[in-house]
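**Q** There's a structure below that I have some questions on.
The values are calculated or read from the model by the stated rules, or taken from the named source; none is laboratory data. Remember, predicted model here, so these are calculated numbers, not experimental data. All Cβ positions, even for glycine, are placed from backbone atoms using ideal geometry, and neighbour counts span all protein chains on display. The accessibility values were calculated without ligands, DNA or RNA, using every heavy atom of the protein model including side chains. Shrake-Rupley method; radii C 1.70, N 1.55, O 1.52, S 1.80 Å.
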Amino acid sequence: MTTPATSPAWEELLTAALLGTDRRTPEGVPRGRAAPGALLDAAAAETVRRRAGLRPGRAAAPRPEAAPADPRPALPPAAARRLALLLADRPGAGTAGRRGTAPDLMELLPQWLQTANTRGLAPPAESLPALLDAARARTDLRPAALEFAGPRALWLARLNPDWRFALRATPGGGGALPGPRETERIAKLWREGLFAERVAVLSALRARDADAGRELLVSTWPTERAEDRLMFVDSLRTGLGARDEPFLEQALTDRSRTVRATAAELLSALPGSALAARMAVRAGACVSVDRTRDTPTIVVEAPHECDPGMERDGVSPKPPAGRGERSWWFGQLVESAPLATWPARLGGRTPREILALPVADDWLGELHAAWCRAAVRQRDADWSRALLGAPSAPGAGGPGAVSLAERAKLLGTLPVGERAAWVAGFIAAHGLSEAFQLLGVCAVPWAEPLGRSVVDALNIARDAGSYPWSFSGVMGLAERCLDPSEASRLDGLLAVPDEPEDASPGAGSYWAEAFQRLGSTLRLRAVMRAEFEPASPLPGVTPRPAA
């Protein structure tokens, strides 16, 4: 019997399709204008024959074990249908192309998954292959997708090499992490697990019992490889506390420079640690106030050498290219010193008053940048506020925030509401051109003042005549982060405005399309949120009275 894959009829049809029926007409297909249609009919019939003619293979291995049960409650039907639509919109699913005013469904999938995971819901079994494909295609989506996919997806992953990544990404190869009382299982996974599994079990243990996590690490510390020790000691950031200090002090003598540096960084984040005290003495010796001048001025005397004690405490002796040794050592000392020590050393001044002092001999940038790093490391909101300054301030936006990245990190130390208010003020004063990185640290959905500020700034950009894709990053964030209740505010921006003479050609139409897409995306997010509430009517839909 000729196998379907090598059927001459199929090969002949394929050749005719590639060459064209004018040059090659298969046997049985009429010539002339009817040939293309007849060729397609013959191909369809041959396709069915090929599929129906396949013989089922003989099972070469025992049947796989049954899939485990997923104890979580099932998705509401409307949410399950929505999941199918979101997954069908993923790249490679045949829906690529210009979206116009249509929402980008794939960009809404992370938010949908977060909601489903927060509610502890289980996916329909038929959606698992598409979920695994989506997690395979997008690493940023992977943790949330695998959490939602649950144990049955991992059972599937063992049967398909394309989905093996799910087993590697899940500690224990698909099994749940050991519980707090499963000491033997924890010890076995720590002793015999893969590196990723060991990091995961250590992180999980630190999150629920910091002391137990540290003791687990101490039990095998001398036998760990240097590259593994670095990741393990970095895991101590979770639940970091004063009782970690003896172990971290011991790690300051580790053979690996990177391990020593990480241990020193963690110790400097503990204001009461011995290392922080040593750094405070060293940094304090470098910074003083000269009161003999007309205006009190900060004077810096950077260290002239990096002594063995400084190296032991994590100070790197060799500066990067283009950086002077003394300024390099000075910056490391100041960023590791507790910020709480500076007001007392600098005349009882507040952080804002300290930052307002002039600094002699061009040391201002170096000193303020080091305080900026210290504020982020020590999560000090008072110093962060002082370093950020007023959002309407010109230039870098604050006395110590020398870059957008540093400003974003400083904002991360502030309470959520204060963070949103500061970014709203920044956008109102400076527009959107530098706001993308700052918006990324604000909580979702954006608070009302922040959302209003973004929409107003987009409207101003439209009136200025630029194209909307100059703000595509902010527009994409707005689709995902604006509160859906803001959709009605966008209705007044949907009309195509009269274009000024100096406007980019056609910009008004593109802006109208962009605002329509933003509005429709916000309304879709409201619908998606309602679909998780099976008893709640959809927004804008009035339930019919009972008959």
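**Q** Compute and list, largest first, the equivalent-ellipsoid semi-axes of the stretch 296-396 from the alpha carbon gyration tensor, each √(5λ) rounded to a whole angstrom.
**A** Largest first, the stretch 296-396 gives 24, 15, 14 Å.
**Q** Per residue and in Å³, how big is the convex hull formed by the alpha-carbon atoms of the stretch 117-167?
**A** Considering the Cα atoms of the stretch 117-167, their hull volume per residue is 64 Å³.
**Q** I've got another one for you. Order the peptides 28-38, 381-391 from the highest to the lowest mean number of other Cβ atoms within 10 Å of their residues.
**A** Details: 28-38: 13.1, 381-391: 21.0.
Final packing ranking: 381-391, 28-38.
**Q** Give me the percent of accessible area attributable to carbon and sulfur for the chain, probe 1.4 angstrom. Write out the running numbers ahead of the final one.
**A** On the way: 15710 of 28440 Å².
Here it works out to 55 percent.
**Q** Based on alpha-carbon atoms only, what is the radius of gyration of the stretch 210-286 relative to the globular estimate 2.2 N^0.38 Å?
**A** Relative to the 2.2 N^0.38 Å estimate, the stretch 210-286 comes out at 1.10.
**Q** Kindly provide the Kirkwood hydrodynamic radius of the chain in Å, to one decimal, from all pairs of distinct alpha carbon atoms.
**A** On the way: mean 1/r = 0.0345 Å⁻¹.
When all Cα pairs of the chain are included, the Kirkwood radius is 29.0 Å.
**Q** Any idea of the accessible area per residue across the chain, 1.4 Å probe, to the nearest Å²?
**A** 52
**Q** If you don't mind, there's one more thing I want to ask. Can you list residues whose amide H is under 5 Å from ALA122's amide H, if they're 5+ apart or on another chain and H is modeled 1.01 Å from N?
**A** ALA74, LEU75
**Q** On to the next question. Heavy atoms only, probe 1.4 angstrom, no DNA, RNA or ligands counted: give me THR47, THR413 ranked by accessible area, highest first.
**A** THR47, THR413
**Q** By accessible area of protein heavy atoms, probe 1.4 Å, what ranking do ASP380, ASP22 get, highest first?
**A** The residues order as ASP22, ASP380, largest area first.
**Q** At 222 nm, what value in deg cm²/dmol follows for the chain if DSSP H runs of at least 4 each add -39500 (n - 2.57) and the sum is divided by all its residues, to the nearest 500?
**A** About -16000 deg cm²/dmol.
**Q** In nm, to one decimal, how far is the modelled label at ARG164 from the one at GLU513, with both set 7 Å along Cα→Cβ?
**A** Those two pseudo-labels are separated by 4.4 nm.
**Q** So how exposed is LYS409, as accessible area in Å² (1.4 Å probe, rounded to 10)?
**A** Its heavy atoms expose roughly 120 Å² to the probe.
**Q** Next up: Would you mind calculating the gained length between LEU404 and ALA360 on full extension (0.36 nm times residue separation, minus the Cα-Cα distance), in nm to one decimal? Let's see the in-between values first.
**A** Values: separation 44, 0.36 × 44 = 15.84 nm, distance 2.53 nm.
The span from LEU404 to ALA360 would gain 13.3 nm if fully extended.
**Q** Still on this structure, please answer the following. Helices from the chain with mean Kyte-Doolittle at least -1.0 and a Cα length along the axis of 27 Å or more, per DSSP H: which?
**A** Correct list, ordered by number: 507-531.
**Q** Right, another one. Which of GLY365, GLY348, PRO271 sits closest to the plus end of the dipole of the stretch 269-389, meaning its Cα is farthest towards the positive end, when Lys and Arg get +1 and Asp and Glu get -1 on the C-beta?
**A** PRO271
**Q** Here's something else I'd like to know. If you average 1/r over all unlike Cα pairs in the stretch 439-516 and invert the result, what Kirkwood radius do you get in angstrom?
**A** After inverting the mean inverse Cα-Cα distance, the result is 12.8 Å.
**Q** Where in the stretch 322-357 is the amide nitrogen less than 11 Å from a point lying 7 Å along the Cα-to-Cβ axis of VAL289?
**A** Label zone hits: 343-351, 353-357.
**Q** So what are the ³J(HN,Hα) numbers for the stretch 311-317, from phi and the Karplus equation (6.51, -1.76, 1.60; θ = phi - 60°), rounded to whole Hz, Gly and Pro as x?
**A** With coefficients 6.51, -1.76 and 1.60, one gets 4, 4, 8, x, 6, 7, x Hz.
**Q** Right, here's the next one. What FRET efficiency would be calculated for the residue pair VAL444, ALA74, taking the C-beta separation as r and a Förster radius of 41 Å, to the nearest 0.05?
**A** So the FRET efficiency works out to roughly 0.95.
**Q** If you don't mind, another one. Could you order ASP456, ASP228, ASP211 by accessible surface area, starting with the largest, using a probe radius of 1.4 Å? Let's see the in-between values first.
**A** Details: ASP456 70, ASP228 15, ASP211 35 Å².
Of ASP456, ASP228, ASP211, the descending order of accessible area is ASP456, ASP211, ASP228.
**Q** Could you tell me what % of all Cα pairs in the stretch 236-364 have separations over 18 Å? Could you put the intermediate results ahead of the total?
**A** Details: 4666 of 8256 pairs.
Tail fraction, whole percent: 57.
**Q** Multiply the residue gap between ARG379 and ASP483 by 0.36 nm, knock off their C-alpha separation, and tell me the result in nm, one decimal place.
**A** Using 0.36 nm per residue and subtracting the Cα-Cα distance, I get 34.6 nm.
**Q** In Å, what Rg and Dmax follow from the Cα atoms of the stretch 415-475?
**A** Answer for the stretch 415-475, Rg first and Dmax second: 11.0, 36 Å.
**Q** Taking the Cα atoms of the stretch 327-461, report the difference between the largest and smallest coordinate on each principal axis, in whole Å and largest first.
**A** Sorted from largest, the Cα extents of the stretch 327-461 read 47, 27, 25 Å.
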